[in-house]
Amino acid sequence: MMAQTTGRQIDRPIFLRPPTRQIITMKHVLSIDQGTTSTRAILFDETLQPVASSQEEFQQIYPNSGWVEHAPDDLWATTAGTCRAVIERAGIDAQDIISIGITNQRETTIVWNKTTGQPVYNAIVWQDRRTADYCKSLRDAGYADMFADRTGLLIDPYFSSTKLKWVLDNVEGARAQAQRGELLFGTVDSFLIWKLTGGRVHATDATNAARTMLYDIRKGRWSQTICDLFDIPMSMLPEVRDSAADFGLTRPDLFGRAIPILGVAGDQQAATIGQACFEPGMLKATYGTGCFALLNTGDVPVQSQNRLLTTIAYQLDGKPTYALEGSIFIAGAVIQWLRDGLKIIREASETQPLAEAADPSQSVVLVPAFTGLGAPYWNPECRGAVFGLSRNSGPNELAKAALESVGYQTRDLLDAMHADWANDKAQSVLRVDGGMSASNWAMQFLSDIIDAPVDRPKVLETTALGAAWLAGMKAGALPGQNEFAQQWELEREFQPAMAANVRESKYANWQRAVACTLGY
């Protein structure tokens, strides 16, 4: 039986301008940001300024070591609840909402009965590792090149396809029901669309489809060959649409009237859109628990030689724009470790003064491989390590090493990206967002170690912003790509100030530390 949980409100309503009569006459876009630990709803006005937000946490379920699940009912309840709450808090009527955009945790897998709407099992979260042995068997059988060529992905439990196969193989009666056409599969966006529309629409967008390890990103369709390999009936799969498209109308009883859903994108792609990275060569990095960096490669899917992923950044008017993606497993989570594990800080903001006070003569290096190393190493088995400790090492040096580790890992990604895409359109400027981007010390070190400018925008809620723009643009109420890109506003640019010999010496120390960690 799946756990039934109640979301917990974790914030007060955020009003960036008062709910006056003037706002009530404006048109709004409702952005749903369904994440891994909480669901948020944010209302944007016609100038794409956030008016109000609501957020609820939900339970994380860990049935076995390496297993991570969510109750699908929690995902739906917190989505519906935050949407209703933000409409009420903003003091508007549903008539004032022109469209809805959805952005979501990617790869998380849900299977449900298309008649009753009842999930047959909990949502298996992107972090889940239960199919690791099966993925190894696929690699050992020589399938890696086929998957990389068709899907742009590495064979890894991270993606949806092996999770879906696990459900069909392990939930009693599931495979027989699927073969009779009674079950539907979807990533979180598909499940929410189905619920919001009262079961009338079973669809996803190209960015989410591209993360399932079932979608041929070159041909723009589900791969029959891969579905046959996994024995997955294609009748389960959602229709793939553009990121800005008609995803149906919400049930009128949910919010007071039927509202069109017109924009959908996976969270990292939505952040890429929110950062207006529309030109080939543009780069963004989002710093949350981990870090995800995307490089726009235009209409060409670049096959990585450095263990990066080839993915779809967005799809508009039937034309996909591709990207190279690299993921860091531990970014902001290393600060949580300082707080919750070592207990040397109480708040994330304390890391900056500690780092500033660190002994400059010490070369402490922290490799935060708490759950393995992501791109470009893709080694889930190695674990974290600290190098260069002395009797004088303490909280200051560890805080500094923690912040620096994020910069080093980002350089690993960017070096791999530029090696894969040696193009004269490649830009050196890195646009950043996410919670950790608020740290001036961390962003300055990042600029120093990558030897490039780091641009932080005024609006850090780029994921929700990207979904809102897709939905508002499709509704005809918001500007097109070029004007939207021109509206992007810089809050601060960090310029590299570190001497070249110091930079390369520090990065060489990092590379030695990683080599030792991988070899341990």
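Some notes on this structure:
- Residue within segment 450-457 that is open to solvent by 40 Å² or more (accessible area, probe 1.4 Å), of a type outside the set (Ser, Thr, Tyr) and farther than 28 Å from Glu347 by Cα present: yes
- Given (1) over 18 Å from Asn208 (Cβ atoms); (2) assigned to a helix (DSSP H, G or I); (3) open to solvent by 30 Å² or more (accessible area, probe 1.4 Å), number of the condition Asn64 does not satisfy: (2)
- Cβ-Cβ distances below 7 Å connect the following pairs, each with a first residue in segment 39-67 that is among the charged types (D, E, K, R), a second residue that is part of a strand (DSSP E or B) and open to solvent by 40 Å² or more (accessible area, probe 1.4 Å), and a separation of six or more residues or different chains: Arg40/Gln55; Glu56/Arg8; Glu56/Gln9; Glu57/Arg8.
- Looking across segment 446-471, just one residue is β-branched (Val, Ile, Thr) and within 16 Å of Ile100 (Cβ to Cβ), and that is Thr463.
- Applying the criterion of being at pLDDT below 90 and open to solvent by less than 10 Å² (accessible area, probe 1.4 Å) to the residues of segment 316-335, the residue that is nearest to Thr207 (Cα to Cα) is Ser327.
- Inter-residue pairs, beta-carbon under 6 Å, first within 22 Å of Gln34 (Cβ to Cβ) and of a type in the set (S, T, N, Q) and in segment 162-190, second part of a loop (DSSP other than H, G, I, E, B) and modelled with pLDDT of 95 or more, 6+ apart: Ser190/Pro238
- Long-range neighbours under 7 Å by Cβ, at least six apart or interchain, first residue of a type in the set (Lys, Arg) within segment 333-361, second buried (at least 18 other Cβ atoms within 10 Å of the Cβ) and in a loop (DSSP other than H, G, I, E, B): Arg339/Ile345
- Search result, residues across segment 336-362 that are surrounded by fewer than 16 Cβ atoms within 10 Å (Cβ to Cβ) and under 23 Å from Ser505 (Cα atoms): Glu356, Ala357, Asp359, Pro360, Ser361
- Residue within segment 132-147 that is under 25 Å from Ser327 (Cα atoms), of a type in the set (Lys, Arg) and open to solvent by 20 Å² or more (accessible area, probe 1.4 Å) present: yes
- Each residue in segment 82-96 was checked for being charged (D, E, K, R), open to solvent by 60 Å² or more (accessible area, probe 1.4 Å), assigned to a helix (DSSP H, G or I) and over 11 Å from Ala52 (Cβ atoms), and 1 pass.
- For segment 226-274, residues that are open to solvent by 10 Å² or more (accessible area, probe 1.4 Å) and among the polar types (S, T, N, Q) total 2.
- Screening Ala419 on (1) open to solvent by 10 Å² or more (accessible area, probe 1.4 Å); (2) over 25 Å from Thr310 (Cα atoms) shows it passes everything except condition (2).
- Search result, residues across segment 477-520 that are open to solvent by 80 Å² or more (accessible area, probe 1.4 Å), part of a helix (DSSP H, G or I) and polar (S, T, N, Q): Asn482, Gln486, Gln487, Asn501, Gln511
- Within segment 235-277, the residues that satisfy the criterion of being in contact with a strand residue (DSSP E or B) (Cβ under 6 Å, 6 or more places away or on another chain) and assigned to a helix (DSSP H, G or I) are Met236, Asp267, Gln268, Gln269, Ala270, Ala271, Thr272, Ile273.
- Each residue in segment 34-59 was checked for being open to solvent by 40 Å² or more (accessible area, probe 1.4 Å) and modelled with pLDDT of 85 or more, and 7 of them qualify.
- For first residues located in segment 201-212 and buried (at least 24 other Cβ atoms within 10 Å of the Cβ) and part of a strand (DSSP E or B), partners that are charged (D, E, K, R) and modelled with pLDDT of 95 or more and lie 6+ apart or on another chain with Cβ distances below 6 Å form the pairs Thr204/Asp189; Asp205/Arg241.
The values are calculated or read from the model by the stated rules, or taken from the named source; none is laboratory data. Bear in mind the structure is a predicted one, so any value in this text is a computation, not a measurement. Using ideal geometry, Cβ is built from the backbone for each residue, glycine included, and neighbour counts are taken over all protein chains shown. The protein model used for the area step is the full one, side chains on, heavy atoms only, and it has no ligands, DNA or RNA in it. Shrake-Rupley method; radii C 1.70, N 1.55, O 1.52, S 1.80 Å.
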